[in-house]
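No value in this document is a laboratory result; all are computed from the given coordinates. Everything numeric here is computed off the predicted structure, so don't read it as measured data. Cβ coordinates were reconstructed from backbone atoms using ideal geometry, including for glycine residues, and neighbour counts include every protein chain displayed.
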Amino acid sequence: MEVISSVPVTLDERLGFGRELRIPASWEEFLDMLEECEYRIEYDEGEIISYMGYATEEHETLVGEIIRLLGNLLSEMACRVNGSNLALHIPGFVNRHYNADCAVVQGASEKVILRGDMTAVANPVLIVEVLSPSNRDYDLSRKFKNYKKIPSLQQVLFIESTEIKVASHFRHDDWAPQVFDLDQKAVPILNAGTISIEELYRKVAIG
């Protein structure tokens, strides 16, 4: 395919293209690329999109901690806490393919076939993004706007990696943000309880 020949496939090749890579492509060309690519790519508005933030230790630690905390909190519920390799389906007439840092699915997964055995999950109830300078604008604008189109989605968390702050958005509050820091220590999660800001950030040196 012409697109695959013009897009880096290996991680080593990708590193030479800088922080942000956008390549115009059809949906079929994206799926071809998805089967070949060694790094995470997304698709939106007719473009293959890749952000390489050279993830900081703080970012990766926070991803690990939120997955651990959600797993513990939701252990008695029929929930699965997934990492960033889970593809998420965005409903609508335009093809989109996103990955979140963490996505929680309750009950049986509703899967949409992309091609062959490649599928995307259509029914997350909670999505988490850990923000870094490389992905911040994209996550807070285009991705959040489209996440809200998922009918099952009840909550989105944005976790800062350069300061101690978490923004929580609930569907029942019309997605209005509620901000938590060390003064507001407990972040409500679905209807299951709370997670501690101190516990979330305990292994991260910020400031």
Practice task
Name the lysines eligible as straight-distance cross-link partners of Lys148: C-alpha to C-alpha under 29 Å, and not fewer than 8 places from it in the same chain.
Solution key: Lys111, Lys165, Lys185
Practice task
Measure nothing fancy, just the Cα-based angle from helix 27-36's long axis to the longest principal axis of the chain, in degrees from 0 to 90, nearest 10.
Solution key: 80
Handout entry: Spacing of the two label points (7 Å from each Cα toward its C-beta) at Glu38 and Thr162, in nm
Key = 2.9
Practice task
Collect residues whose amide H, placed 1.01 Å from N in the peptide plane, falls under 5 Å from the amide H of Asn123; neighbours closer than 5 in sequence don't count.
Solution key: Glu110
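Given a cut-off of under 8 Å on Cα pairs at least six residues apart, what relative contact order in percent is computed for the chain? Intermediate values should be presented prior to the final figure.
On the way: 359 pairs, mean separation 32.1, N = 207.
Computed over the chain, the figure is 16 percent.
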Completion exercise
Taking a ≥ b ≥ c as the square roots of the Cα gyration tensor eigenvalues, with a/c under 1.5 meaning rounded and otherwise prolate when a/b beats b/c or oblate if not, the stretch 71-204 comes out prolate
Completion exercise
So the angle from the long Cα axis of helix 57-73 to the longest Cα principal axis of the chain, reported in degrees to the nearest 10, equals 60
Problem - Most fluctuating residue given options Asn191, Asn82, Asn146, as computed from a GNM of the chain linking Cα atoms under 10 Å - result: Asn191
Problem - Inter-site label distance for Ala205 and Glu47 at 7 Å from Cα along Cβ, in nm - result: 3.7
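So how do 11-22, 152-163 stack up, highest first, on mean other-Cβ count within 10 Å? It would help to have the intermediate numbers written out before the result.
Working: 11-22: 12.2, 152-163: 19.8.
In decreasing order of mean packing, 11-22, 152-163 become 152-163, 11-22.
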Exercise for the section: May I ask you to order 113-123, 192-202 by the average number of other C-beta atoms within 10 Å around their residues, highest value first? Expected result: 192-202, 113-123
Handout entry: Residue-averaged [θ]222 nm for the chain, counting only DSSP H segments that reach four residues, each worth -39500 (n - 2.57)
Key = -5500 deg cm²/dmol
Handout entry: Charge context of Gln154, other residues only, Cβ under 14 angstrom, K/R +1, D/E -1
Key = +1
Handout entry: Protection-proxy order for peptides 101-107, 124-130, 177-183, each taking the mean of Cβ atoms within 10 Å per residue, highest first
Key = 124-130, 101-107, 177-183
Problem - FRET E, pair Glu13, Ser84, Förster distance 22 Å, beta-carbon r, rounded to 0.05 - result: 0.60
